[in-house]
Amino acid sequence: MRRPVALRLQVALATTAVGAALGVAALPMPQASAAAGAATGYATQNGGTTGGAGGQTVRVSTGTGIHTALCTRASSSTPIIIEVQGTINHGNTAKVSGDSCNTAAGVIELKQISNVTIIGVGTGAVFDQLGIHIRDSSNIIIRNVTVRNVKKSGSPTSNGGDAIGMESTVRNVWVDHATLEASGGESEGYDGLFDMKDNVQYVTLSYSILRNSGRGGLIGSSESDRSNGFVTFHHNLYENIDSRTPLLRGGIAHIYNNHYVSLHESGINSRAGARAKVENNYFRNSKDVLGTFYTSEAGYWQVAGNVFDNVTWSSRSGDNNPAGPNPVSNTSVSIPYSYSLDGAACVPDIVRQTAGANTGLRESNGSCSPQTPAPTPTSPTPGPTSSPTPGPTNPPSGSNLSIGAGSDGSSKADGTSYGNVRDGSLSTHWSPSGATGDISIKWGSATSVARVVIREPSGTQGSIGSWQLVNHGTGAVLASGSGAGVITFPSTSLTKITFRITGSSGAPKVAEFETYAS
């Protein structure tokens, strides 16, 4: 008979206690850097995931400090990197109010915001019995943190029992080198470790540990919640979990180079029309690690290169349709990004050396050997983005859609006007009140835009540094780079497009913000 999660945990916890009794201490954690490494997987799509790159860096040691950093930004989309050191708990996490945030006590609330990085530094960041909630937000990075023992029942409760939970129109999230853990299953008050529901897309979970829980995580809260997807899971350790590694309802997932150990009921549960590409993973000492379970609504999978080490399979009956004992593909999934694939045989070792918080952000380059990531530019250009070509002299073909449109922004210097960027004249300009700021073009109805030209006044060329081009309605980053010029991106229908200057030399000035359909 299967033992409850709480009982199975006794062995793991006893092992930890022995280590403590012997005086085993954690090694000093290498200083983490938000600029080391870059997003991978589906988080590189839809304009990419850069978090707070180019923004101010602040260091905090409380949950209230995290909320304060969010709430004191110039706007809800002003980039910010929040370095966290210490233990975040209910006692030091209060609600903070402001125009650029929407927070709550007892949970780290990333709600209705964008362009944020949260990263553990120094001796580490532990979110103790307190979850991270992402809602109606985009372009979020969470790295090098531990989130443990978040409960939905009992005391204290936080975030519906999810270690990290995302819901309600969330785009572009990268969670990397995190340790997410519970101390039991639903009967002990815990829910999922990594949940997505109600329109969450373009997410990557990489080099992380998920363990000691009844539920690993889900994509879609019910059979009808199929608006989620485009999620990548790679180089993660799932250990001592009953099910949901993950549960996928609708949508597409790419699952590669993960190590699964002691899955007690089921593993990857693809159902309700979902499609999963499952390649070069290592499954050990587990049951029913892939299939459609607990529903008659089938899901699908493409399999290649996986290792099944002491895996047991149930017979197919009723609502249970395990893929084994000899899994074969029943769909095909096209992956739109490049990635380095380790051989499945070395996955346990490479994941052991790289996954989880406090491992120096080490990763694999496909050679089965841990690598320390090189620093990346402050404003990387991930995914399908385009750097501008300098010094445009002629506009692209077609009409400049900015002429006759509206305009606004987050700030402006004295004597300048938002309207100066859409008047067709290089002799007038807009300039922010500081070194960074937003300028937007807006229309009364949805307008398709595929190209932008940013022109600087004569004699000021080169003052604009790093920037992002943002779909204001969704928060999606359409492109990022540095310097003025021509910016191209996939045609997007929107009502407002924002050019966000995140870095500059001197006082940046925009003479014209031109928009074109092609």
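See the values below:
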quantity: Average accessible area per residue (Å²) across the chain - probe 1.4 Å, nucleic acids and ligands excluded; calculated: 37
quantity: The chain, dipole about Cα centre (Lys/Arg Cβ +1, Asp/Glu Cβ -1), debye to the nearest 20; calculated: 60
quantity: Relative contact order [Cα under 8 Å, 6+ residues apart], the range 278-382, whole percent; calculated: 24
quantity: Dipole magnitude (debye, nearest 20) for the range 418-502, charges at Cβ of Lys, Arg, Asp, Glu; calculated: 160
quantity: FRET efficiency estimate (nearest 0.05) - Cβ-Cβ, Ser448 to Asp309, R0 41 angstrom; calculated: 0.20
quantity: Sequence-separation-based contact order of the chain, relative, with Cα cut under 8 Å and 6+ spacing, percent; calculated: 12
quantity: Share, in percent, of DSSP beta bridges within the chain that are antiparallel, nearest 5; calculated: 30
quantity: Selection of trypsin sites (Lys or Arg not before Pro), the range 104-203, meeting DSSP coil and at most 11 other Cβ within 10 Å; calculated: none
quantity: Straight-distance crosslink candidates among aspartates and glutamates, where the alpha carbon sits under 19 Å from Lys287 and sequence neighbours closer than 8 are dropped; calculated: Glu239, Asp242, Glu265, Glu279, Asp309, Asp319
quantity: Cβ-based charge dipole, the range 28-155, positive-most Cα from Ile141, Val58, Ser77; calculated: Ile141
quantity: Difference of contour (0.36 nm per residue) and Cα-Cα distance, Asn285 to Asn320; calculated: 10.6 nm
quantity: Nitroxide proxy distance, nm - points 7 Å out along Cα→Cβ at Leu426 and Thr331; calculated: 5.2
quantity: Members of Lys95/Lys412; Lys111/Lys151; Lys151/Lys277 lying beyond 23 Å, as alpha-carbon distances in this model show; calculated: Lys95/Lys412; Lys151/Lys277
quantity: Carbon + sulfur, % of accessible area of the range 242-355 - ligands and nucleic acids excluded, 1.4 Å; calculated: 42
quantity: Qualifying chymotrypsin sites (Phe, Trp or Tyr not before Pro) for the range 421-487 [loop in DSSP, other Cβ within 10 Å: at most 14]; calculated: none
quantity: Three-way shape call for the range 177-233 based on the alpha-carbon gyration tensor, with the a/c threshold at 1.5; calculated: oblate
quantity: Sum of side-chain charges, Gly404 neighbourhood, beta-carbon under 11 Å (Lys, Arg +1; Asp, Glu -1); calculated: 0
quantity: Anisotropy class of the range 137-270 from Cα gyration tensor, a/c 1.5 cut; calculated: rounded
quantity: Cα gyration tensor, the range 72-181 - rounded (a/c under 1.5), prolate or oblate; calculated: rounded
quantity: Average silhouette area of the range 238-328, convex hull of alpha-carbon atoms, in square nanometres; calculated: 4.7
quantity: Cα pair distances in the chain, grouped into 10 Å bins until the bin that holds the longest one, percent each; calculated: 4, 19, 29, 24, 15, 7, 2, 0
quantity: Formal net charge of residues neighbouring Ser224 (Cβ-Cβ distance under 14 Å; K, R +1; D, E -1); calculated: 0
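The values are calculated or read from the model by the stated rules, or taken from the named source; none is laboratory data. A quick note: this is a predicted structure, and the numbers were derived from the prediction, not measured. Note: ideal-geometry Cβ built from the backbone for every residue, glycine included; neighbour counts use all protein chains shown. The protein model used for the area step is the full one, side chains on, heavy atoms only, and it has no ligands, DNA or RNA in it. Shrake-Rupley method; radii C 1.70, N 1.55, O 1.52, S 1.80 Å.
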